[in-house]
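Reviewing the structure listed below.
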Amino acid sequence: MTQPLSRRQLLVAAPALAFARPSAPAKSSVGIAITSLGHHKRRAGTLTALPFIELCQSLGGAGVQMDIGQLASTDAAYLKRVRADIEQRGMFFELAVPAKIFDDAELLEKSAATASALGVTIFRVACLSGRRYEDFHDKKTWDAFIGHWKTAIPKSEAALRRHKLEVGIENHKDWLADELADVLGKIASPHLGACVDFGNNLSLMEDPLDTAEKLARFTITTHLKDLAVVPTEDGFDLGDIPLGEGVVPMARIVELTRKHRPDVHFCLEVMTRDALKVPYKTDGYWVTFGGRKDPKAVKAFEAKFIKPRKPLPKISAMTPEMALATEADYIRKCIAYARKNLKL
């Protein structure tokens, strides 16, 4: 049996270390996305594949969603070693890859070859690294962004089909559910679908269950999370917190995604960081939406999701050691909750 990493090892881990789905559910348990381990990654300097996989298992994860950049090498011997390690542990394995694969055919081919050597069949992609309401200050620029991806994404379908790869495009505080569903529906390929993030679209004033209902039929993979939505003067704070402590209807979304994708992996993404500011009461927030939202819809969202509560933790005020310990504690709590309450 693999022994858990010691606390010292955790602190110094380094590089040396048509949507037809199966009719019967496969085993599906909760894994850990690299985005859940920002403080561990920072402490290690870099968290390469083998230490990352060991760390995730020591924290209770049954699989990993790893950034392709965590691979220390793409040499055949190294990839074979990584694949053997994940298989010996009985864990599932997904890769997060840059959206540039949709623009760069050579990069897609290289990424596909790496995936094949690792036994990976699922990619997760985010088209925007930031946030729609922070990165875009006029509708013209936003429309150009959307237009680019509407053209670029379908061009990758033939190569993905040839390599038997599935790409889940995340609703990453960029796409409204209808926008992403429209793009994927027009492509209509099982090789291009969604990484359904359970809570991101709260930042766009969407009900998480509505988001999931619109994206469920396109499910390739997921980001499992819970969030607190706390009122502020110009909007709300959106804070990652342990599962079961926030406003996301996780059990309903789990049921819905499994209905459409019985073999789906649930990848935990709990980011131990200060709450994000969502200034929906300002005019600038609404620029990319073409104007303010229907006041009745805003009031309904406020009544359902924006809840006063005790102040969210200020992670930036913690010592590095405290932040590291809090991150590990959050992950363990989330996995325990997922197993007990979500049956993952």
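Observations on the structure shown:
- Spacing of the two label points (7 Å from each Cα toward its C-beta) at Lys259 and Arg81, in nm: 4.7
- Cβ crowding within 10 Å averaged over residues, with 194-205, 152-163, 259-270 ranked highest first: 194-205, 259-270, 152-163
- Leading residue at positive end of dipole, region 205-279 (Cβ point charges), from Gly239, Met250, Leu227: Met250
- Checking (i) 18.6, 55; (ii) 20.6, 65; (iii) 19.6, 59 against the coordinates, the calculated Rg and Dmax of the Cα atoms in Å falls under label (iii).
- The chain, dipole about Cα centre (Lys/Arg Cβ +1, Asp/Glu Cβ -1), debye to the nearest 20: 800
- Sorted on the mean count of surrounding Cβ atoms within 10 Å across their residues, most packed first, peptides 307-319, 324-336 read 324-336, 307-319.
- Normalised per residue, the accessible area of the chain is 44 Å², obtained with a 1.4 Å probe and no contribution from ligands, DNA or RNA.
- Once the Cβ-Cβ distance of Asp182 and Lys343 is raised to the sixth power relative to R0 = 35 Å, the FRET efficiency obtained is 0.60.
- Annotation: extensible slack from Asp135 through Lys304 equals 58.1 nm (criterion: 0.36 nm per residue apart, minus Cα-Cα distance).
- Rounded to the nearest 500, the helix-only mean residue ellipticity at 222 nm of the chain stands at -12000 deg cm²/dmol, with each DSSP H run of n ≥ 4 adding -39,500 (n - 2.57).
- Theoretical gain in end-to-end length, Arg42 to Arg273 [0.36 nm per residue, Cα-Cα removed]: 81.9 nm
- Within region 136-240, percent of DSSP bridges classed antiparallel, to nearest 5: 45
- Gained length - Leu107 relative to Lys155, 0.36 nm times residue gap less alpha-carbon distance: 15.9 nm
- Calculated FRET value between Ala336 and Ala297, using beta carbons and R₀ = 25 Å, to 0.05: 0.10
The values are calculated or read from the model by the stated rules, or taken from the named source; none is laboratory data. Since we're looking at a predicted model, the values are computed, not measured. Neighbour counts run over all protein chains shown; Cβ positions are idealised from the backbone, glycine included. The accessibility values were calculated without ligands, DNA or RNA, using every heavy atom of the protein model including side chains. Shrake-Rupley method; radii C 1.70, N 1.55, O 1.52, S 1.80 Å.
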